[in-house]
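The values are calculated or read from the model by the stated rules, or taken from the named source; none is laboratory data. This one's a predicted model, so the numbers in the text were calculated from it and none came from an experiment. Ideal geometry is used to build each Cβ from the backbone, glycine not excepted, and the neighbour counts take in all protein chains shown. For accessibility, only protein heavy atoms count, side chains too; no ligands or nucleic acids. Shrake-Rupley method; radii C 1.70, N 1.55, O 1.52, S 1.80 Å.
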Amino acid sequence: MADGNVVMARGMPAAVAPPQKGTLHRIARRRSTLAFLMTLPLLAVIGGLVAYPFFYALYLSMLNKRMTRFVGIDNFTFLLSRETFQAVIWQSVLFAVSAVIAKALIGFILAHVLHALPAKGQRKWRGMLLVPWVIPPAVSTLAWWWMFDPSYSAINWVLTTVGVPPVAWLGEPSWARFSVILVNVWYGAPFFMIMYLAALKSVPDQLYEAAAIDGATGWQKLRYVTVPMMKNIIAITVLFSLIVTFANFDIVRILTNGGPQDKTHIFGTYAFQVGIQSGDIPLGSAVSLFMFPILAVFAIFVLRDVTRRNKEMTG
Amino acid sequence: MSGASVTRGAVAPPTYYKVGSIKRERRWALIGAYAALAVFVVFFLTPPFYMLVTSLKSSGEIADLSGNPWIVSSPTLENYRELLTQGNYVTHFLNSVIVTLAVVAITMVISIFAAFALSRMRFWGSTMLATGVFLTYLVPETLLFIPLFQIIGGLGLYNNLLAMILIYPTLTVPFTTWIMIGYFASIPKELDEAALIDGANHFQMLWKIFIPVALPGILAAMIFAFTVSWAQFLYPMAFLVSSEQMVLTVGIVSDLIRGDTFQWGKIMAGALMAAAPPLLVYAFLMDYYIAGLTAGATKG
Amino acid sequence: MAQVSLRKIVKEYEGGVQAVKGIDLEIADHEFVVLVGPSGCGKSTTLRMIAGLEEITSGEIAIGGQVVNDIPPRDRDIAMVFQNYALYPHMSVYENMGFGLTLRKFPKDEIRRRVENAARILDIGNLLDRKPKALSGGQRQRVAMGRAIVRDPKVFLFDEPLSNLDAKLRVQMRTEIKKVHQTVKTTTVYVTHDQVEAMTLADRVVVMNQGIIEQVGAPQELYHHPATRFVAGFIGSPAMNFIPARLENGAGALRMHLPNDIVLPVPASRTQRYAPHAGREVLFGIRPEHLTEVRATDKPNIATFQATPEVVEPMGMETLVHFWMQGAEVCARLDPAVPVEPGRPLTMAADLDQMHLIDPVSGRVL
C-alpha cells in the first residue's frame, strides 16, 4: 500500500547517485571567497599594524643604538643590569597590582550599593559615577595635575584648612607613587563598577529568594550566590584591567613623567623616554618587549575565562 | 491558607534576629548606601568640578593664594574666548574631529564586514581568526608604538594626521569586531534563511537584515570607537610634533605650557571642552555607551 | 504544475552521519503532504533540502519537473514558514510580507495588491503597520504564512510552524492552515513531530524514522493499516499496545498464546494471512480503543479475558486503565460508567478485527 505512492526509479538511469558538483558547490566556494574578501581589511589591520610591528620590534630590539649592527640580546641584558630598569619593573608591578586591587574593591562596593538602590534612582547615580571613565584620561589627568600643583594645590588648601600639613603630592617619591595610583584608581574604578553591575543584574532573583528561604544572611548570599555567579566576570575584568594598567601611559606621563628621580616610571613611560625622547629606538623596543611575557600570561588567562564563559552561556 | 497561619501562630519560629526589624534594617542599609554613594560621587566628580571652577577664573585670581581655590569670586569666560580666538586650539579640536570621524567610519566598515563573515560564513581558519581578533584587542598601545614609530617614519607619515587615521584602527577594530560578532551571532539563523528564500544575496542580507537588526550593537561599537579615538594620547604624543598637526589630547599641553609658565585657566578650559564631546555622547546615549563597555563581559 | 519529486535523496553530514538515507517521494500538484516522525528522523533535513538550505549529498530533487539540486533557494520559487517565524524584527508586517517581492523588483502597486490580498485571507489587515514585536504568537504565525502566500510560489514549505504556540492556539491555527490551503491550493510540504497535526492536516502522511520513510499513506490508511511496528506505535494516541505472543496451530485453528495464560483465537478472516507464521513468536498489537470493557454487542470476533488494572486514569469522557502483561504495559479505554479500581480484576474485551501481528525481528506488520 505504501509502494503505490513511492515512485521507484521511474525511468531513471541506474546511476542517479553520483555526487553532483554543480552550482550549489560553486556558490559555496564563492561564499568562502567572499567571506575571505570581507575579512581582508581586518586581516590587513591585524597583520600589517599589529603582527608585523611585533616582529619588527623583536628585530629592532636586537640592534645597537645607531641601528647599524646586530647585537643579539645585549639590549635586554643591559637593561636588566641597570638599577633604573629594575626599579621600573618593580614600580610597574606595584602600580598595576595596587591600582587593580583598589579599583576592584571600590568597583565591587559601588556595584553592590547601586544594585541595592531602587531602580528609579539607580540610573542617576550610575550616570554620575561613570563620569571619570568617560573623560579622556589625558584630559582629566590635567585637572589632577593642577590639583597636585606644588604651590597652588587645592587639595593641600583643604588639608591646611582642616589642620593637616600640606603634602608634596608629586615631589616626593612615595607620595608621587601614591598619586599616580590614586588617579588611576579614580579613572578605572567606574569601569569595574559597571562591569560588576552588569554581572549582578544577570544573577536571577530567584536564586536570592531561594537562598533567603534556605536561611542565608546577607553576607552568606554574597558569599554563596553572588560571588560564585560573578566569578568569571570578576576574573575577566581583573585580568583585563591588569593588562591595561600595567601598560598604562597617559596618567604617569602627564602627572610625573616618571619623576621624581625616575621613581614613578613604568614600562610605557620609560620606553617612551628611552625610545622616542632619547632616540634609542632599539633600547626602547626592548623596554616595551619586556612587557610581552607578562601580558601574554594575562592574555592567556583572559582568553581561557572568556571561552569558559562562552561555553557556560551557550551550554 | 488558614491552616498555614495557625501553624505559624502555634509553633514560634526560632528567632535569630529581632522579629520586625526587617524594615528598620532595610532603612539603615539604604542610608548607608546613600552615604557611600555620596562619598564616591564627591571623589569622582571633584576633578571635573575643579576644572570648571578654574576655567572660569582670571589668571590673577588663580595666582592669588589668599582665597579659597574651590570657589570663583569673579567668573569670566575670558579663557574660553581666548582659546577659541587665538592660538591653535580650534585647529586641534578640528583635527580631533577629523581623525575621530575617519577612524569611526573605517572601523565600522572593517568590523561589520569582518563580523558578518566571521559569524555567518564559516571558512578555513575563521575560528582562529576570531580568537586572533580578541587577542589583538588585548595588545596595549605601549607595546608596539616604537616599531610603529619606525614604520610611520618609513611611510613618510611622521608628523602627519593621516598616520593617526592609519594607526588608530588597531585599537578600535578588534573590539568593535568582537562586539559585532556577538550581536550578529545573536540574530537567529532562520532570519538568514528566510532572507535567502525571499531572494536576498549576501550583501542585501547584510544591508537589509543584519545592519538594521543589529543597529543597537552598531551604535554601541561606534561609541566605543569614538571614545577610543578621541582619547588616544600615546600615538599623537609620539608621532606628531608640530602644533598644526596635533590633536586635542596633546595639543592642550604643548601649546599652553611655555617652559614653566602654566596658563592653568586656559588649560582647564581647553580640557573641559575636550572632555565635552565624549561626555555629551555619554549623556545622550548612556545605554548604548554602557552596552558597548560591558559587551566584552556579557557577550564574550 | 508544481509536483515535487525526491529521488534517492541522501544527506550525509561531515563525519559520515547519514541524516537521510535515500528516500523516494512523489508529491502531486496541489497536494498537502506532511512529513512526520520523532526528532532526528530526517524530516526537517528533507524539507531543508527541498528549500535549498541544505546541500543534497546524492539523489535528485525536482520541483515542477525541473531538477533543482543546483539551484539556490531564491530561484526555486518556494516559500517557507519557520518554527520561530523568522520575521524581520525591524520591518513592519507589510514590509515583512512584501520583502520577497521587493527584492524581486515587483512594481509597488502589485506588491500592495498581493499583500492586501494575503492579509485578507489571513485576517491580519489591521496589523500591517505593526512591528513583529507588537504581535502575539498567533499573529506572528499568520504574518509568516502571509509572507509565504504573497510570493505565490510553486511550493509552500512549513517547518514545525505550530510548535511555538500554546495548545489552544495550535488547534486554531491548524484549522487556519487547512483553510488557507483549500483557498490557495499550493502544493505544500509540512514537517511536524506531532502525529495529530499530521493526521488532521495531510492529504498524505509520510512517516519517517531514522532517515528512511517507514510508510506513506492517507491518514486513515496509516491508522488502520500500519505497515511497520514503528508506524503502528507512532500513529494514534494513546499508542498501540504491543504484547508478546506466540502463534500456535492447534485443533485446526490458529490461536495466540499471550502472557498470563491468556489464549485468544485468530479470527477466521485472518487465518489464511497468518497461517504461514504459525509456531512463531510474534507481537500482538491492539489499540487501546479496541480494548474495552465487555459491552452488550453483537459484533463477532470479540474475545474476552481477565486482567487486573494497576493504574486507573479517569479522563472524563473515558477512563484509561493500565495493566502489565509480562513486562508489556497495556492500556485500555473504558466507558467512564464502568466501576474500576486498581487491584480488582476485570473482564476485558478485545476487538480482534482490529488486531495486528508484527514480526518482532523485522518490525513488519504481518
Working note, the protein assembly as shown: Cα radius of gyration (Å, one decimal) and Dmax (Å, whole number) are 38.0, 128
Any DSSP H helix in chain B with Cα axial reach of 27 Å or more and mean Kyte-Doolittle score of at least 0.0? Listed by number, the hits are B:22-55, B:89-120, B:264-284
Reduced to Cα centres, the span from the range A:156-222 to the range A:241-315 in Å works out to 23 Å
From the Cα centre of the range C:1-76 to that of the range C:246-305, the distance in Å is 41 Å
Note: C vs B interface, total accessible area buried (1.4 Å probe; ligands, DNA, RNA excluded), nearest 100 Å², is 1700 Å²
For A:L159 and B:R258, extending 7 Å from Cα along the Cα-Cβ vector and measuring point to point gives, in nm, a value of 3.2 nm
Amide H neighbours of C:V155 at under 5 Å, excluding residues fewer than 5 places away on the same chain, with H built from the backbone geometry, are C:A79
Here D for the range B:214-300, in µm²/s, from Stokes-Einstein with a Kirkwood Rh over Cα pairs at 37 °C and 0.692 mPa s, works out to 223 µm²/s
The range A:94-174, Kirkwood Rh and Cα Rg, ratio Rg/Rh at 1.06
Check: C-alpha center the range B:240-300 vs C-alpha center the range B:161-192, spacing in Å is 23 Å
Nearest 10, in degrees from 0 to 90: the angle of helix C:137-150 to the longest Cα principal axis of chain C is 60 degrees
Summing -39500 (n - 2.57) over every DSSP H run of at least 4 in chain B, dividing by its residue total and rounding to the nearest 500, the 222 nm mean residue ellipticity is -23000 deg cm²/dmol
Probe 1.4 Å, all chains present, heavy atoms only: B:K57 accessible area in Å², nearest 10, is 10 Å²
Over the Cα atoms of chain B the radius of gyration and the largest Cα-Cα distance (Dmax), both in Å, equal 26.9, 89
When every protein chain stays in place and a 1.4 Å probe is rolled, B:M237, B:M205 sorted by accessible area with the largest first are B:M237, B:M205
Given backbone amide H placed at 1.01 Å from N, residues whose amide H is under 5 Å from that of A:V71, ignoring those fewer than 5 places away on the same chain, are A:L63, A:N64
With x for Gly and Pro, the residue-by-residue ³J(HN,Hα) of the range C:205-212, computed from phi through the Karplus equation 6.51 cos²θ - 1.76 cosθ + 1.60 at θ = phi - 60° and given in whole Hz, is 10, 10, 8, 10, 8, 6, x, 10
1/(1 + (r/R0)^6) with r = Cβ-Cβ of A:L58 and C:V196, R0 = 60 Å, i.e. FRET efficiency to nearest 0.05, evaluates to 0.30
Toy charge model, Lys and Arg Cβ at +1, Asp and Glu Cβ at -1: chain B dipole around Cα centroid in debye, rounded to 20, equals 1200 debye
For chain C, percent of DSSP beta bridges that are antiparallel (nearest 5) comes out at 75 percent
For C:R280, other-chain or 5+-apart residues with amide H closer than 5 Å (H placed, Pro excluded) are C:L247
Within the protein assembly as shown, the percent of DSSP beta bridges that are antiparallel, given to the nearest 5, stands at 80 percent
Relative to chain C, whose Cα atoms define the longest principal axis, helix C:108-122 and its Cα axis are tilted in degrees, nearest 10, by 20 degrees
Length-normalised contact order of the range A:81-314, Cα under 8 Å, at least 6 apart, in percent, tallies to 27 percent
Any lysines whose Cα falls less than 22 Å from that of C:K185, other than same-chain ones fewer than 8 residues away, would be C:K154
Probe 1.4 Å, heavy atoms of protein chains only: per residue, the accessible area of chain B in Å² is 44 Å²
Diffing the range C:161-172: the Karplus 3J(HN,Hα) column from phi (6.51, -1.76, 1.60, θ = phi - 60°), in whole Hz with x for Gly and Pro, holds x, 9, 6, 8, 9, 6, 3, 5, 5, 4, 5, 5
Taking chain A and counting helices only, DSSP H stretches of n ≥ 4 at -39,500 (n - 2.57) each over all residues, the nearest-500 ellipticity at 222 nm comes to -22500 deg cm²/dmol
Whole-percent carbon and sulfur contribution to the accessible surface of the range C:211-366 (1.4 Å, no ligands, DNA or RNA) stands at 52 percent
Using alpha-carbon positions, the gyration tensor of chain A gives root eigenvalues a ≥ b ≥ c; with a/c under 1.5 called rounded, otherwise prolate if a/b exceeds b/c, else oblate, the class is oblate
With only helices counted (DSSP H, runs n ≥ 4, each -39500 (n - 2.57)), the per-residue ellipticity at 222 nm for chain C, to the nearest 500, works out to -7500 deg cm²/dmol
Checked against a 29 Å limit on the C-alpha separation, the offending pairs among C:K131/C:K179; C:K168/C:K299; A:K124/B:K189; A:K120/C:K133 are C:K168/C:K299; A:K124/B:K189
Reported to the nearest 10 Å², B:W178 has, with a 1.4 Å probe, an accessible area equal to 40 Å²
Classified through the alpha carbon gyration tensor (a ≥ b ≥ c as square roots of its eigenvalues; rounded if a/c is under 1.5, else prolate when a/b is larger than b/c, else oblate), chain C comes out prolate
With the 8 Å Cα cutoff and a minimum separation of six or more residues, chain C has a relative contact order in percent of 15 percent
